[in-house]
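Engineer: I am attaching a structure below and will ask some questions about it afterwards.
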Amino acid sequence: MPQKNSLKGNHANSELSGEEWRRSKAAKNLASGFTSPQWSSGPLGRDLFTGSQIDIETLSDQTEVASRAETKLYHRRWLMLFLFSAVSASNACTWLQYSIISNIFMRFYNIDSLAIDWLSMIYLLTYIPLILPVLWLLDNRGIRDVVLVGSAFNCIGAWIKIGSASPDMFPLTFFGQFVCSVATVFVLGIPSYLASVWFGETEVSTACAIGVLGNQLGIAIGFLVPPILVPNVDDMDELAHHIRTMFFITAGVATFLFILVVFVFQERPIIPPTQAQATARSIPPEQYSYMASILRLLRNKPFILLIITYGLNVGCFYAVGTLLNRMIIEHYPGEEVNAGRIGLTIVIAGMVGSLICGVWLDRTKTYKQTTLAVYFMSLVGMIVYAATLSLGHLWVVFITAGALGFFMTGYLPLGFEFAVELTYPESEGTSSGLLNCSAQVFGIIFTICQGRIIDKFGTLAGNIFLCVFLLIGTIMTGLIKSDLRRQKANLLTKAAGPSDCDSVSMDPPSVIKEAKL
């Protein structure tokens, strides 16, 4: 609702002991007709308001706004980023360690293909009911506690699976995979949040891309290592030994990373890295409403379109990753190891694509144009991959799968960063969490449907099924309105000019218009 042209707030940061932020001067000579939005904040300093359309054009005609706050970049931000990426990689590695050698595990546990698919899809299913409680925990307890709990679940699940290396222990291996899937809910949506809290505005997209790279690296390891550690041997005792060895390695790495998180991972820097973060910290926490934040996001039409398009794209990637072994083995029998290498090629190419896209966004800020271009190329890559899979030449499949991965996996950080821009100043963790929830829903639907289509009509029909939805997603992406709110907030603060104070806190800008979402 409209407010008077003044804003009141407690600018003391209760979470940073000893830190005092001096209040800035109020904006002067505001033009009539301008209103300030209704501000609120989470206890972690996430500023929220009911309207968030920032009017930059009025700045030159109006007078100076609140003074700029002190910002600082800490070298240890890279340690936080790479430690989180390692935890994410460890968890993602376990996602596909069954499905990439599905024929071996089907024989070992004496189960059908759908049961193997559910060892991957449990990651997607678990995410859906747990994401809202985890987002609440992120807003109320902070990023350190969320990453710590996720790392703990990942470690516990890995140790449970060690006891399941026996043909009659499929229920135990499924339970261990379920525990690991709970960890995914705690780490999958963190990259954009961590990037915003620790990194400057010229490197935030790159940092988000690196955070996503951790997950992709884990998937790459999950494609590559299981076929090497678990060869397709006939002796069941020898096979059980190989499976147990793989589980022990996974548990050892997960335990090491959990210990590092306990002693090394930190909540956030003392001094914020950007003006947007400084503004976020200046808002009193008692006004924050978690459900109101969710409802604001669900009323944001461009963000809703992005939720759907992101889910379609990433859901297709989940389906391809889960069913890759079945698709390769159908046309190239006995090529389990090469199926893993093709999956590795998809993810490595996607890691390169993610990093390039992140750097490109930091340099150009062309969020919608880049997202649309990459989405369209994902469609083209899927069509080419589907058309060449059955040609009988594995080297062709490596090339087309790599091209598909470059764009389809490279899209992941684009979706996160575009969502942050469309929803600022809502919590980055909340927006990315909702994106991932959409991806899990579509991932389950696409995996089950494509699996049934492959069984009945073959791989070409299954891949055409995915192409249709990628086409729909490309069209919907073109309909998203590009409203870069975070960029506008940073530009607004920069244009305000320096303060006569050395280090101050920012009042929420008085030149922000309230927009009805």
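Engineer: In Å², what does the accessible area per residue of region 273-403 work out to with a 1.4 Å probe?
Structural biologist: So region 273-403 comes to 36 Å² accessible per residue, rounded to a whole number.
Engineer: Based on alpha-carbon atoms only, what is the radius of gyration of region 147-232 relative to the globular estimate 2.2 N^0.38 Å?
Structural biologist: Compared with the compact-globule rule of thumb, region 147-232 sits at 1.36.
Engineer: Another one. Label region 232-337 by shape, choosing from rounded, prolate and oblate, from the square roots a ≥ b ≥ c of the eigenvalues of the Cα gyration tensor; if a/c is under 1.5 it is rounded, and otherwise prolate applies when a/b is larger than b/c, oblate when it is not.
Structural biologist: oblate
Engineer: Would you please report the Å³ per residue occupied by the convex hull of the alpha carbon atoms in region 76-146?
Structural biologist: 98 Å³
Engineer: At a 1.4 Å probe, what is the % contribution of carbon and sulfur to the accessible area of region 239-353?
Structural biologist: 71 percent
Engineer: Let me ask another. Using just the Cα positions, wrap region 422-478 in a convex hull and report its mean projected area in square nanometres, one decimal place.
Structural biologist: Computed as one quarter of the Cα hull surface, the answer is 4.5 nm².
Engineer: Just the projected area, averaged over all directions, of the convex hull on the alpha carbon atoms of region 229-284: how many nm²?
Structural biologist: With the hull built on Cα positions only, its mean projection is 7.2 nm².
Engineer: Using just the Cα positions, wrap region 328-454 in a convex hull and report its mean projected area in square nanometres, one decimal place.
Structural biologist: Taking the Cα atoms of region 328-454, their convex hull projects to 8.5 nm² on average.
Engineer: For region 412-452, what does the convex hull of the Cα positions come to per residue, in cubic angstrom?
Structural biologist: 56 Å³
Engineer: Please list the equivalent ellipsoid semi-axes of region 102-207, computed as the square roots of five times the alpha-carbon gyration tensor eigenvalues, in descending order and whole angstrom.
Structural biologist: Equivalent ellipsoid of region 102-207: 33, 14, 12 Å, largest first.
Engineer: Averaged per residue, what accessible area in Å² does region 157-230 show with a 1.4 Å probe, protein chains only?
Structural biologist: Using a 1.4 Å probe on heavy atoms only, each residue of region 157-230 averages 25 Å².
Engineer: Right, something else. Determine the per residue accessible area of region 71-121 with all protein chains present and a 1.4 angstrom probe, expressed in square angstrom.
Structural biologist: 33 Å²
The values are calculated or read from the model by the stated rules, or taken from the named source; none is laboratory data. It should be emphasised that the depicted structure is a prediction, and the values quoted were computed from it without experimental measurement. Just so you know, the surface numbers come from the protein's heavy atoms only, side chains and all, with ligands and any DNA or RNA stripped out. Shrake-Rupley method; radii C 1.70, N 1.55, O 1.52, S 1.80 Å.
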